[in-house]
Structures are given as C-alpha cells and as structure tokens.
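So the structure is just underneath, and the comments pick up after that.
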Amino acid sequence: MRARPAVGVGYRHAIAGWMCEHLDSFDVLEVTIDHCIHGSHALRSTVFDLAERIPMTAHGIGLSIGTDVPIDLRYLDEVAAVVDRIKAPAYSEHLAFTRVPGRDLANLLPVPKTEEVAEAIIAKVRTVRSHVAVPFLLENITYLFEWPDSTLSDADFLKLICHETGAGLLLDIENLHLNASNHGFDPYIFLDELPPGIVQEMHVAGGIAVRDDLLAKAYLADSHSQPISDQTLDLLAYALNRQAPSAIILERDDRLDAVEEILEDIARIRARVANPRFGQAHVKAAARSAN
Amino acid sequence: MSKRLLDQQISLIDHLATGAVIFGDKVDTPEALVGIDAGLLHLEARFCHDKRVGKIAEILPISLELLGGHRSVILREFVEMCPPVHIGRLENARQFRDFLRDRRRRTRREQPYVGDVAACEIACAEVRNGAEGHSPEVADDIQTWTAIRRSPVTVLLRCAYDVRRFFEDGRFEGDLTTAAPRRETLLIVARSPNKGQPQIFELTAPVFDLAAALDDWIDPAALCLTAEAQALVAHLSRCGLIEVRR
C-alpha cells in the first residue's frame, strides 16, 4: 500500500501568526527559498523555528534555469544552505526563465520546447544536483503564449529533462488545468503520458479568468487567490491513481485574509487523497466532454 | 543553448517591459517574437507590471496615494524610464523612490514632498525587516560601556519637508489634502524597544550628527562626552537608537 502524501500549504509570512496557530491542520509547509534568502530577519527566524515543529519542503523562484546563461553558483550555494537549515527532503524550481542579464521581470516565462533547449537545461539540472544535496524537482509552469519554434509537447519536454537527469517532477495541477484550458489540450492525456513515479510533489491552487479587449477569449490565470476549482481537484484525484507524490502543497498568495478558504481547501485535498479512485471514470469522461 | 535563444529572451523581456505593450497601445512585434499572439504578450506584460506595482504598493502605499489622479501617468512614465531589474519588493520600491525624486527635479510637478514620504516609507520597511530578533543591550551606567554604536536597525534621513504627520506607528494616518510644510527635518527611523512598528523621531542637528558618526563601534571615551551628552546617549540607548557594549 502506498503511503499517503503529506498535505500542506506554502508558508506565507503575512499570515505567519495564523499558520503557527494552525500547524495541526498541515502535514508539511513549503518554504519559498528566495524569501529566506532575501527576506527579513523575522521571516528567517520564524521559518527556522517552524522547521523544528513541522516538516518542510523547499521551493525556489529565483533560479531562472531557462535563461541562456551559465547558472548562478553563488545563488545555488545560498539555496543549499537554506535547504540544509530547514532539513528539506527536496528542492524544486520552475522550468522557466524570469530574467536576462540586466533585466529581471520576476515572472515565470516559458522556454521554447525543443531538444536543443532541453539539452542545455539538462546540463544545468546536473549542476544544480551537484550543488544541492537533496533531490531536485522541476515544476511545470503556466504560460500564456507558446514559442513558435517549440517542437515538443509539454509532457515530452518535461519527460526528456527528467529522464536524462534523474530530476523529479513537481506537478502543478492548477497550471496543467490552466494550460489545458487556455491552449486547448486534454490534461488527462498529459497525465497519462507521465511515467508512474515521476511526480514527487504536487501543487494545487485556485485562479481567475481574465478578459481583455486585445484577447479573443477569456484566459485563465494562475492567481493563487481563489478556492481550488473542482476541475483541478478532479485532475488531482486522477493523477493520484498513477503517481505517489510525497507532498501536495496548496499555493495561496492573494486574499490571504480568507484563511477559512485555506482550511477548506486542505480538507478538500485530503478528501481526494483519501478517495482518489472515487468516480474516476465519471470524472475523466465529464472532464473530457467539457474540453 | 545557442546565442539566438538569449537574443530571443532579451527581446521578449524588453518587449514585455515596454509601456506601449503593458498598456495595450498598438506596437510592432520585434522580429524575434514574430508568431506570438500580440494580445497574449500584452496580457503577460500586464501581469508582470501589476505584480511589480503590487510590490511597490506594499512598501510605498502613502506615496502612491499622494500621487492621486496623476498616479497612472506617473507609473507609465516610470515603466518607460525604469525597466525592472530586481525581483525584490524593497529594490523595486527604491527604484520608484529614485524615479520620483528625479522626476521632481525635472518637472517640478506633483507635491514636492513625495520623495521624502517615499524615503520614510522605505526606511520603515528596512527597519521592520531588520528589527525582529535584534535585541541590543541597554545599560544606564555609561562608565561600564566599552563601546557604542548607532543601532544597525535604524535609518537616518535628512528631509526637505516635515512629512512626519503622514506617519503614525509606521502607518498612514495623515490628511492628504494638507501639504507638508517645507522645513529641513532630521529624522531617525527606529523600532523602539516597546513598540511593534517603526517609529520616526526628529533629531536636533547635533544629535543627528552624533548618530551619523556612530556607524560603527567606538569607545565612548574617545568622544569626550560631557555629562549632559552622556545622559543623552544613555537616553538614546533606552530608546533603542544606540547600542552599548560592556
């Protein structure tokens, strides 16, 4: 029998007091490494104290592994120190780029999905793995646009890099849902294409629909501001039939005062974890017809 | 990866940081980005911009409020002149403060004291970030001190306007419609031992100069302090502005 994944939430310092009071509601906290590196003494102290009370996993937003320049080894050393300090069992980052020399957009952007780009990222993942002692996981991002020169599917691109490097996948279920909706592909086929065991952690969140005069249709955006949608929970349940992640993390970055929604989402995740097979065929069929 | 990919990436980030793209004006797509939907590039640019302004607003709520109806015009000008260079909130806020000061010098528009308000807000954020867990030793008996320094979690500010009324316990409390009086004001922002939020204190010129001179540990005997000055230093120590070593 497979061990159930730990269910938790991303640590957010703005609601640190509430999180500390509700630690019993979570099995694990995900710490954003960059907040520890660049954040206040208060944030670091709170995180390091919490590391004595609850398991933590480490997530990064500042590596920009997709930028076509050599990886920042000093940054990796800082990451390694925080990972060690909070005793994280894994370190995850986005398969994306956020900056180029002299400019930092601080927003996750896609790279062209080609074998050439994959090859360069594979070399960088090896560098990361040689600097950070714990397993490295890559996360699928949500993207609004696709590079015209992409030749590989999302799943093939991720699989190629993970297979060649031994890196695991942090599967962001919400990002999968948004991408499938925005770009018109079947998220269940994406999940079917992932080899069992590749997913080592998962993210879930709730987003919003965005409309704009310059857009032909509404787009879903990864705002981390709303309760998890039923479609995302259905995808989570379906994914759990083939994957055994060690942790499922709820990401919430906006409307943080709605703390009850966080607890309700945690309960909804736990319910799906407890019954991943419940209604599987129905869920899949319904979702496919909706797409 | 080939050089071409980095060129594509530079072109994309430059494009997404352009005011015309962010605000939805008609703009030609650079050659490196041909084939990507212009509407989606606009949306991506908008997301990036909103995130950046959100970071600035977290640190500079009063300054942005003071800009009133000019805010959107000023933010657009900021975008055009100051591309994003850092992920951090404080770094983006400092970039905006510098832009506001420079704009004031160039145009003489808007309230002349906005730059001072922004400086105070940033100082409050810096103190908030640094103050937690910092517990300096407090001691009245100056004869036992071997060294003193200004607390590292304080910020000294020299302002052209008295903007203190906009701040109360580090939060906006003031009336936006009343202008701040022009008066050189020497300030120290600190978190006093019993207060949760940063406090802004006005200092006299001699005390400001003394505080400025205490950047690093110094033997108080070397300062040849009078009895009155010693009492003052002891008081500043109790306020958390000066640290002592025994």
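The values are calculated or read from the model by the stated rules, or taken from the named source; none is laboratory data. Model, not experiment: these values are computed from the prediction. No Cβ is skipped: glycine too gets one built from the backbone with ideal geometry, and neighbour counts run over all protein chains shown. For accessibility, only protein heavy atoms count, side chains too; no ligands or nucleic acids. Shrake-Rupley method; radii C 1.70, N 1.55, O 1.52, S 1.80 Å.
Restricting attention to region A:179-191, report how many residues are more than 18 Å from A:Leu233 (Cβ to Cβ) and either open to solvent by 30 Å² or more (accessible area, probe 1.4 Å) or touching a helix residue (DSSP H, G or I) at 6+ places or on another chain (Cβ under 6 Å) (or both). Reasoning before the result, please.
Quick first cut of region A:179-191, residues more than 18 Å from A:Leu233 (Cβ to Cβ) only: A:182-185, A:189.
Still in the running and either open to solvent by 30 Å² or more (accessible area, probe 1.4 Å) or touching a helix residue (DSSP H, G or I) at 6+ places or on another chain (Cβ under 6 Å) (or both): A:183-185, A:189.
Of the residues in region A:179-191, 4 are more than 18 Å from A:Leu233 (Cβ to Cβ) and either open to solvent by 30 Å² or more (accessible area, probe 1.4 Å) or touching a helix residue (DSSP H, G or I) at 6+ places or on another chain (Cβ under 6 Å) (or both).
Here are A:Val100, A:Val125: which of them is buried (at least 18 other Cβ atoms within 10 Å of the Cβ), under 19 Å from the mean Cα position of the chain (by Cα), within 14 Å of another protein chain (Cβ to nearest Cβ) and over 20 Å from A:Ala239 (Cα atoms)?
Details: A:Val100 fails: under 19 Å from the mean Cα position of the chain (by Cα).
Matching residue, one of A:Val100, A:Val125: A:Val125.
The single residue among A:Leu95, A:Leu73, A:Leu109 that is more than 18 Å from B:Gly88 (Cβ to Cβ) and over 15 Å from the mean Cα position of the chain (by Cα) turns out to be A:Leu73. For region B:3-22, residues that are at the interface with chain A (Cβ under 7 Å from one of its Cβ atoms) and in a loop (DSSP other than H, G, I, E, B) total 1. For beta carbons closer than 6 Å, sequence separation of 6+ or different chains, a first residue in region A:57-73 that is at the interface with chain B (Cβ under 10 Å from one of its Cβ atoms) and a second that is of a type in the set (A, V, I, L, M, F, W, C) and part of a loop (DSSP other than H, G, I, E, B), the qualifying pairs are A:Gly66/A:Ala96; A:Gly66/A:Val111; A:Asp68/B:Met1.
Just to be sure before I move on: is B:Asp25 more than 9 Å from every other protein chain (Cβ to nearest Cβ) and surrounded by fewer than 22 Cβ atoms within 10 Å (Cβ to Cβ) in the structure I sent? In short, yes.
If you go through region B:107-165 and keep only what is in a loop (DSSP other than H, G, I, E, B), at pLDDT 75 or above and open to solvent by less than 30 Å² (accessible area, probe 1.4 Å), you end up with B:Tyr113, B:Trp145, B:Ser151, B:Val153, B:Thr154, B:Asp162, B:Val163. Note on region B:64-81: residues that are touching a residue at least 24 places away in the same chain (Cβ under 8 Å) and of a type in the set (Val, Ile, Thr) amount to 2.
Which residue pairs have Cβ atoms closer than 8 Å, lie 6 or more positions apart in sequence or on different chains, and pair a first residue in region B:51-63 that is more than 24 Å from B:Leu16 (Cα to Cα) with a second residue that is of a type in the set (D, E, K, R)? Close Cβ pairs (under 8 Å, with a partner that is of a type in the set (D, E, K, R)) amount to B:Pro61/B:Glu121; B:Ile62/B:Glu121; B:Ser63/B:Arg97; B:Ser63/B:Glu121. Quick check: is even one residue across region A:128-149 within 14 Å of another protein chain (Cβ to nearest Cβ), of a type in the set (S, T, N, Q), open to solvent by less than 10 Å² (accessible area, probe 1.4 Å) and closer than 30 Å to B:Val27 by Cβ? No, the conditions are met nowhere in region A:128-149.
Taking the numbered list (1) open to solvent by less than 10 Å² (accessible area, probe 1.4 Å); (2) under 28 Å from the mean Cα position of the chain (by Cα); (3) among the aliphatic types (A, V, I, L, M) in turn, B:Ala57 passes all entries but (1).
To keep it simple, each residue is scored yes or no on (1) without any contact (Cβ under 8 Å) to a residue 60 or more places away in the chain; (2) open to solvent by less than 80 Å² (accessible area, probe 1.4 Å); (3) closer than 13 Å to B:Leu156 by Cβ; (4) in a loop (DSSP other than H, G, I, E, B).
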residue: B:Asp209; (1), (2), (3), (4): yes, no, yes, no
residue: B:Glu228; (1), (2), (3), (4): yes, no, no, no
residue: B:Ala231; (1), (2), (3), (4): yes, yes, no, no
residue: B:Val244; (1), (2), (3), (4): no, yes, no, no
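The set of residues from region A:1-28 being touching a helix residue (DSSP H, G or I) at 6+ places or on another chain (Cβ under 9 Å) and aliphatic (A, V, I, L, M) comprises A:Val7, A:Val9, A:Ile15, A:Ala16, A:Met19, A:Leu23.
Restricting attention to region A:40-59 and to residues that are among the hydrophobic types (A, V, I, L, M, F, W, C) and in a helix (DSSP H, G or I), the residue that is surrounded by the fewest Cβ atoms within 10 Å (Cβ to Cβ) turns out to be A:Phe48. For region A:150-168, taking the residues that are under 20 Å from B:Leu40 (Cβ atoms) and under 19 Å from the mean Cα position of the chain (by Cα), the one that is least open to solvent (accessible area, probe 1.4 Å) is identified as A:Phe157. Screening B:Arg104, B:Arg97, B:Arg76 for residues that are more than 16 Å from the chain's Cα centre (by Cα) and within 25 Å of B:Leu157 (Cα to Cα) leaves exactly one candidate, B:Arg104.
For region A:207-240, what are the residues that are among the charged types (D, E, K, R) and within 12 Å of chain B (Cβ to nearest Cβ)? Steps first, please.
Initially, region A:207-240 is screened for residues among the charged types (D, E, K, R), giving A:211-213, A:217, A:222, A:230, A:234.
Within region A:207-240, A:Arg211, A:Asp212, A:Asp213, A:Lys217, A:Asp222 qualify.
More than 25 Å from B:Leu157 (Cα to Cα), facing another protein chain (nearest Cβ under 10 Å), part of a helix (DSSP H, G or I) and open to solvent by 70 Å² or more (accessible area, probe 1.4 Å) - does that describe any residue in region B:28-48? Yes: one or more hits.
If the condition is being more than 15 Å from the chain's Cα centre (by Cα) and within 13 Å of chain B (Cβ to nearest Cβ), then region A:13-33 contributes A:His13, A:Ala14, A:Ala16, A:Gly17. In the set (1) more than 9 Å from chain A (Cβ to nearest Cβ); (2) touching a Lys or Arg at 6+ places or on another chain (Cβ under 6 Å); (3) touching a residue at least 60 places away in the same chain (Cβ under 8 Å), B:Pro84 fails one condition alone, (1). Look through region A:91-106, keep the residues that are in contact with a strand residue (DSSP E or B) (Cβ under 7 Å, 6 or more places away or on another chain) and small (Gly, Ala, Ser), and return whichever of them is nearest to A:His59 (Cα to Cα). Here the answer is A:Ser92.
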